[in-house]
Amino acid sequence: MDLKKVYSLLGFAAKSKKLSFGKERVRGYIRSDRRKKLVILAEDASSRLKMDIKIRAPEGVKIVEIFSKEELGKLLGRDEISALAVEDDSIIEGILKVLKE
């Protein structure tokens, strides 16, 4: 598993404005009618946030815990981000493919 590839795919998604972040936006993304859904949680996010997202996520939503809050924040020019939702199907496929390797 090459985390650098995942990070660069997330960077591409950020540049093309295909990422949502923040608890409320991620909750909305989970409830949306998108067919493919991928939520990325920071490894050091609070256990309360992680449980909140996992409990609300219906079957079929992929949830991955990688990177730190600081690393995810750097993608979007913020200090820290605990949760991201990827809104591009091809980027979702690319990330999941890399994570399976």
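Laboratory data are not the source of any read-out in this text; all were calculated from the coordinates shown. Please read these numbers as outputs of a predicted model, since none were measured by experiment. Here the Cβ is made from the backbone with ideal geometry for all residues, glycine too, and neighbour counts use every protein chain on show.
Things worth noting here:
- Once the chain from ARG78 to ARG35 is taken as fully extended at 0.36 nm per residue, the excess over their C-alpha distance is 12.6 nm.
- Potential lengthening between LYS100 and ARG25 on full extension [0.36 nm per residue; Cα-Cα distance subtracted]: 24.3 nm
- Here r is the Cβ-Cβ distance between LYS4 and SER46 and R0 is 22 Å; the resulting FRET efficiency, rounded to 0.05, is 0.25.
- Rounded to 5, the percent of DSSP beta bridges in the chain classed as antiparallel: 60
- Taking the Cα centre of the stretch 3-100 as origin and assigning +1 to Lys and Arg Cβ atoms and -1 to Asp and Glu Cβ atoms, the resulting dipole is close to 260 debye.
- Relative contact order of the stretch 3-100, defined on C-alpha pairs under 8 angstrom at six or more residues apart (%): 41
- Reachable lysines from LYS18, criterion Cα separation under 16 angstrom, eight or more residues apart if same chain: LYS36, LYS37, LYS74
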